[in-house]
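Accompanying notes for the structure given below.
The values are calculated or read from the model by the stated rules, or taken from the named source; none is laboratory data. This is a predicted model, so every value here is computed, not measured. We place every Cβ from the backbone using ideal geometry, glycine too, and count neighbours over all the protein chains shown. The accessibility values were calculated without ligands, DNA or RNA, using every heavy atom of the protein model including side chains. Shrake-Rupley method; radii C 1.70, N 1.55, O 1.52, S 1.80 Å.
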Amino acid sequence: QAHLAEFGGGLVQPGGSLRLSCAGSGFTFSWYTMRWYRQVPGKERELVAGISVNGTRNYADSVKGRFSISRDNAENTVYLQMNSLKPEDTAVYYCYAQNWGLRYWGQGTQVTVSS
């Protein structure tokens, strides 16, 4: 059974950094495009960053230059390094895996940027 588990959320001051991790199990991780989404109450879930099976990366304009996505297929893990955090980055961050019609979500991890 496929499962995604996120780690690394928490409270951080503006300008600080956090590193999120997402560990996958129950599926062939290296075959899947991996993405990070985020959601705040009352708003739609939005794409933050993605990394394809060959390592191609894409980012939302709002995080370009501040966030970096990477993957370690040997560890079945995708990371999101978040630097220069802003209060507007506060959200629940979700990990997502996709291979054609197969799609899995993690349970989410809260990131709060506040002084």
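Tabulated data for the structure shown
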read-out	value
Over the chain, volume per residue of the alpha carbon convex hull, in Å³	97 Å³
Choice from P41, P87, P14 showing the highest fluctuation, given a GNM over the chain with Cα pairs closer than 10 Å	P41
For segment 7-13, 3J(HN,Hα) per residue [Karplus equation, 6.51 cos²θ - 1.76 cosθ + 1.60, θ = phi - 60°, Hz, x = Gly/Pro]	9, x, x, x, 9, 9, 6
Gaussian network model of the chain, Cα within-10 Å springs - most flexible of D61, D72, D89	D61
Antiparallel DSSP beta bridges within the chain, as percent of all bridges there, nearest 5	95 percent
Highest-MSF residue in the chain out of G24, G16, G42 [GNM, Cα springs under 10 Å]	G42
Order of exposure, largest accessible area first, which applies to V111, V40 with probe 1.4 Å	V40, V111
³J(HN,Hα), Karplus 6.51/-1.76/1.60, whole Hz, each residue of segment 92-107, x for Gly, Pro	8, 9, 10, 8, 9, 10, 9, 9, 6, x, 8, 9, 9, 10, x, 8
Mean accessible surface per residue for the chain, computed with a 1.4 Å probe while every protein chain stays in place, in Å²	53 Å²
Residue-by-residue Karplus 3J(HN,Hα) for segment 19-24, coefficients 6.51, -1.76, 1.60, Hz, glycine and proline x	10, 8, 10, 9, 9, x
Accessible-area composition of the chain, carbon plus sulfur, in percent [1.4 Å probe]	48 percent
Modelled FRET efficiency - R0 25 Å, S17 with R103, Cβ distances, 0.05 increments	0.30
Spread of Cα-to-Cα distances over 5 Å intervals beginning at zero, given as percent, for segment 1-44	5, 14, 21, 21, 19, 12, 7, 2
Gain in span if fully extended, S114 to E46, counting 0.36 nm per residue against the direct Cα distance	22.4 nm
Separation between Cα centres of segment 79-115 and segment 23-41, rounded to whole Å	10 Å
Relative contact order computed over the chain (Cα-Cα under 8 Å; 6+ residues apart), in percent	37 percent
Potential lengthening between E75 and A60 on full extension [0.36 nm per residue; Cα-Cα distance subtracted]	2.8 nm
